[in-house]
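Report on one structure; see the data block that follows.
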Amino acid sequence: MMNQTYAFEADFVASKQYITRATIHNIRGVPIPPPPFRDRPKTEGALLLELETNDGIIGYATSGYAHHSAIHLINEFMAPRIIEARVDPFRTDLIAGLFDRHTWERALGRMFNIALAMIDIACWDIKGKAVGKPVHHLLGGARDRVPVYVTHGAAYEGAPTYSREELAKEAAHLVGLGCTHLKNTVGRQRIPDPVDDYHRMAAMREAVGADIKLSMDGNLRMTLPQAMKLCQMCEELDIAFIEEPIHYNDPRNLHHLRMKTTIPVAAAENERFSTLQLLQADAVDIIQPNINNDGGITAAIRNAAVARAFNVPLGHGNGNGPHNIALHAGLQHGGLVEYHFHKWMAYNAIFKEVPQPKDGWLDVSQKPGLGLEPKDGLIAEYAVKV
Ligand SMILES: [Mg+2]
């Protein structure tokens, strides 16, 4: 606990409502149904943050990555400063500003943004609960349903790589469950192999027919020539978008790709480049902020405004679909939300009510806040010592 007074904190007026408690739980080993044609993963976990106000409102958030350094940052550094300063949870820009003044804090990089995201998301949950409105209405309330796509086909925890036939079978199975848009990861071979990926996508297209949307995610794995070859081969398969195909999301290389393919290119600010850099380079057709990885809803609003200025729509990738719904329902140029299969199952296992895909859409929670409350007894049963 730091008992230091920060000069900056003298610049705001004390509030009647303020944060008094931050508790982070490391949830591990929650049973989930594995993907339809694999026996793993069978369990999932998450970091779950509780922020409580002096008047007893509790906001919840999860993190994109369950890494111990995020726990340490919140417990040892961020929560003490917020609690000591008696910050009003409505003042999310001020809270971000408390941690945005020193270059050494910036040097903490991605993990800092993940820790800040948890605090910010929990504050937005509190805001909604305090005023009795769902968060997407606080953000602008552009719609009460959002389109959703389901990502599958990547093997985890040492499970064998999907064969083309298995990938096709799983795609058809998910369509049978009501999914209308699927995304598969590409470039996962030891050396990315666009010809193999083309055949994998072609097998999926044949299995699901012409009316289902298919997308690809390169997870930053390919060179420009590899991505170019894959896109040119896959154009005949009617691909809805390709996400983060090229190393480091290099804006110049993404621009070259975009000029040479009809497949829309999507990217988040990932690794080295910002939303602004991607847009200034004409590198993307879709900007994909992820509130859980990059500073929360407050940071996503800033990136969304930049995208809006360039008339580029928003999409979503990189997990935590249910927490990202509010942004896409709230803003007029919001877009598709991703449900990554095992992350979707994890949300179903951890939270009481999670919007479920129905004919390609999610009905947005109308409950005050984000509508994502952990199941009764879950923390007691699955939280491990932090
Ligand atoms: Mg992705």
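If you take the residues of segment 72-108 that are hydrophobic (A, V, I, L, M, F, W, C) and not in a helix (DSSP H, G or I), which of them is modelled with the highest pLDDT?
Only one residue tops the list, namely F90.
When you look at P41, is it closer than 30 Å to E165 by Cα, in contact with a Lys or Arg (Cβ under 7 Å, 6 or more places away or on another chain) and buried (at least 16 other Cβ atoms within 10 Å of the Cβ), yes or no? Break it down stepwise before answering.
Numbers: closer than 30 Å to E165 by Cα: yes; in contact with a Lys or Arg (Cβ under 7 Å, 6 or more places away or on another chain): no; buried (at least 16 other Cβ atoms within 10 Å of the Cβ): yes.
For P41, the condition - closer than 30 Å to E165 by Cα, in contact with a Lys or Arg (Cβ under 7 Å, 6 or more places away or on another chain) and buried (at least 16 other Cβ atoms within 10 Å of the Cβ) - is not met.
Those residues that are among the basic types (K, R) and either assigned to a strand (DSSP E or B) or out of contact with any strand residue (DSSP E or B) (no Cβ under 7 Å at 6 or more places or on another chain) (or both), I need them from segment 201-230; list them, please. Lay out the reasoning, then the answer.
Of all residues in segment 201-230, those among the basic types (K, R) come to 205, 213, 221, 229.
Listed by number, the residues that qualify are K213, R221, K229.
Could you please let me know if N184 is within 16 Å of the ligand (Cβ to nearest atom) and open to solvent by 40 Å² or more (accessible area, probe 1.4 Å)?
Values: within 16 Å of the ligand (Cβ to nearest atom): yes; open to solvent by 40 Å² or more (accessible area, probe 1.4 Å): no.
Here the answer is no, as N184 does not meet what is asked.
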Suppose we keep only residues that are within 14 Å of the ligand (Cβ to nearest atom) and at pLDDT 95 or above within segment 255-274. Which one would you say is surrounded by the fewest Cβ atoms within 10 Å (Cβ to Cβ)?
V265
What is the residue count in segment 275-302 for residues that are within 16 Å of the ligand (Cβ to nearest atom), assigned to a helix (DSSP H, G or I) and surrounded by fewer than 24 Cβ atoms within 10 Å (Cβ to Cβ)?
0
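Being within 16 Å of the ligand (Cβ to nearest atom) and touching a Leu at 6+ places or on another chain (Cβ under 7 Å) is the filter; apply it to segment 331-358 and report the residue that is modelled with the lowest pLDDT. Show your work before the answer.
Going residue by residue through segment 331-358, those that are within 16 Å of the ligand (Cβ to nearest atom) are 335-344.
This time we only want the ones that are touching a Leu at 6+ places or on another chain (Cβ under 7 Å), so: 335, 337.
Working: G335: 94, V337: 98.
Ranking the candidates gives G335 first.
The values are calculated or read from the model by the stated rules, or taken from the named source; none is laboratory data. Not measured: the values here are computed from a predicted model. Heads up, the Cβs are rebuilt from the backbone with ideal geometry, glycines too, and the neighbour counts pull from every protein chain shown. Surface accessibility is based on the protein's heavy atoms, side chains included, excluding ligands, DNA and RNA. Shrake-Rupley method; radii C 1.70, N 1.55, O 1.52, S 1.80 Å.
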